[in-house]
1. So how many residues does segment 216-255 have that are assigned to a loop (DSSP other than H, G, I, E, B), crowded, with 16+ Cβ neighbours inside 10 Å and among the hydrophobic types (A, V, I, L, M, F, W, C)?
2. Can you pull out every residue in segment 267-309 that is of a type outside the set (A, V, I, L, M) and either touching a strand residue (DSSP E or B) at 6+ places or on another chain (Cβ under 7 Å) or modelled with pLDDT under 95 (or both)?
3. Those residues that are surrounded by fewer than 20 Cβ atoms within 10 Å (Cβ to Cβ) and not charged (D, E, K, R), I need them from segment 256-279; list them, please.
4. Here are some conditions: (1) touching a residue at least 24 places away in the same chain (Cβ under 8 Å); (2) out of contact with any Asp or Glu (no Cβ under 8 Å at 6 or more places or on another chain); (3) aromatic (Phe, Trp, Tyr). Tyr193 meets all but one. Which one does it not meet?
5. If the Cβ limit is 8 Å and pairs must be 6+ apart or interchain, which residue in segment 132-145 that is in a helix (DSSP H, G or I) pairs with which residue that is among the basic types (Lys, Arg)?
6. Working only within segment 82-95, note down all residues that are over 29 Å from Ser174 (Cβ atoms) and not acidic (Asp, Glu).
7. I'm trying to understand the selection: among the residues of segment 57-80, which are surrounded by fewer than 24 Cβ atoms within 10 Å (Cβ to Cβ) and within 16 Å of Gly29 (Cα to Cα)?
8. When the residues of segment 85-123 are filtered to those that are surrounded by fewer than 17 Cβ atoms within 10 Å (Cβ to Cβ) and under 20 Å from the mean Cα position of the chain (by Cα), which remaining residue is nearest to Val179 (Cα to Cα)?
Amino acid sequence: MRTLVLFLIFVHALAAQASQPNGGGVRPGVLPKRWLTGGPKCMEVPDWQVHEYNPDFYILRESGCTHYEKPFLFLLFGNEKAMLLDTGAGDAQTGREVSEVVAKWLKKNQRAAIPLIVAHTHSHGDHIAGDKQFAAMHNAAMPVTMVPLTVPGTAEFYKISNWPQGHGEIDLGSRNIDVIPIPGHDKLSIALYDRQTGVLFAGDSLYPGRLYVDDFPAFVESTQRLVTFTDGKIVAHVLGNHIEESSTPYLDYPIGSLYQPEEHVLELSRAHLLELNETLQSMHGRPVRVAMRDFSVWPVNDNVWKEMDAVRKVTEEKLRRTMWAQPQ
């Protein structure tokens, strides 16, 4: 059986190959070798790190000194609209930071204004904390549209007629983004595929860390749906919302870690998506926690969340005492 599964993965991988090593026909970009995570002294690091993947795609990372989740946000520019994926965690001034990036982009492109769509990969609190800041904005240079945080509202916005089996899209102006429902981590989880760069945004459903699975059957179906959707497409990178793995294989940072000096890179590949799919299929409907080289599958329930919260409190409180303390 395993031989058959590996063969099918090989066939799927071939379907996503380009005919020539010429960049695959997508717009390239650059990812950093290391990200700022926060610390070791919080007085010395910014609340946000802004990285230019290319002139029309920016990645923002919230500092661990601001919130232990250290989420990534993604800002994409088309000819007619810009799109922000998620708004951060805790008390971070996401609205101000994004406004500054948009203002610089407008100046560089000699534009007076561009509408901003504020979207979400899912509805958990560490990805929507800045929503109120954007909803309250009245900025002529950056008029804001908020994607509703409901399944019906999200489906209607992206014109997804059959949730979650169907998929929708949005055009930012010569930049089409496909939207694929992938419930399982959260009922509102979506993945987005940027045709221009070949980047697949997987939210909290695939990233180098603990993949918390709330609804296992839905998560299995969603992962297979994402495999099917990407079949035959160029996937330059799979980018999720967090990094929790260390650079040491099979080793993660405990929940609550504010500073991760030797963390895994952010980017994964379609091979990791295929690996996740194979792992889920091998469970035959019986979810278990399992650690892979670059991520872990973590089925969750109320007891698991209580255990994780206890670990978070200990880890976070210990690090906060040292990271905010300055030499005497």
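1. Let us first name the residues in segment 216-255 that are assigned to a loop (DSSP other than H, G, I, E, B), namely 231-236, 241-244, 247-251, 253-255.
Then keep just the ones that are crowded, with 16+ Cβ neighbours inside 10 Å; that gives 233-236, 241-244, 253, 255.
Within this subset, residues satisfying the condition of being among the hydrophobic types (A, V, I, L, M, F, W, C) are 234-236, 243, 255.
Summing the residues that are assigned to a loop (DSSP other than H, G, I, E, B), crowded, with 16+ Cβ neighbours inside 10 Å and among the hydrophobic types (A, V, I, L, M, F, W, C) in segment 216-255 gives 5.
2. Filtering segment 267-309 down to residues of a type outside the set (A, V, I, L, M) leaves 267, 269-270, 272, 275, 277-279, 281-282, 284-287, 289, 293-296, 298-299, 301-303, 305-307, 309.
If the condition is that a residue be of a type outside the set (A, V, I, L, M) and either touching a strand residue (DSSP E or B) at 6+ places or on another chain (Cβ under 7 Å) or modelled with pLDDT under 95 (or both), then Glu267, Ser269, Arg270, His272, Thr279, Pro287, Arg289, Asp294, Phe295, Ser296, Trp298, Pro299 are the ones that fit.
3. To start, the set of residues in segment 256-279 that are surrounded by fewer than 20 Cβ atoms within 10 Å (Cβ to Cβ) comprises 261-262, 265, 267, 269, 271, 275, 278-279.
Hits for segment 256-279 are Pro261, Val265, Ser269, Ala271, Thr279.
4. All conditions are met except number (2).
5. Short answer, once both residue conditions are applied: Gln133/Arg96.
6. Of the residues in segment 82-95, the ones over 29 Å from Ser174 (Cβ atoms) are 89-93.
Within segment 82-95, Ala89, Gly90, Ala92, Gln93 meet the criteria.
7. Listed by number, the residues that qualify are Phe57, Tyr58, Ile59, Leu60, Phe74, Leu75, Gly78.
8. To start, the set of residues in segment 85-123 that are surrounded by fewer than 17 Cβ atoms within 10 Å (Cβ to Cβ) comprises 90-91, 93, 96, 100, 103-104, 107-113, 115, 123.
When the remaining residues are screened for being under 20 Å from the mean Cα position of the chain (by Cα), the result is 90-91, 93, 123.
Numbers: Gly90: 26, Asp91: 28, Gln93: 27, Ser123: 15 Å.
If we take residues in segment 85-123 being surrounded by fewer than 17 Cβ atoms within 10 Å (Cβ to Cβ) and under 20 Å from the mean Cα position of the chain (by Cα), then Ser123 is nearest to Val179 (Cα to Cα).
The values are calculated or read from the model by the stated rules, or taken from the named source; none is laboratory data. Quick caveat: nothing in here was measured; it's all calculated off a predicted structure. Positions of Cβ are backbone-derived with ideal geometry, glycine not excepted, and every protein chain shown enters the neighbour counts.
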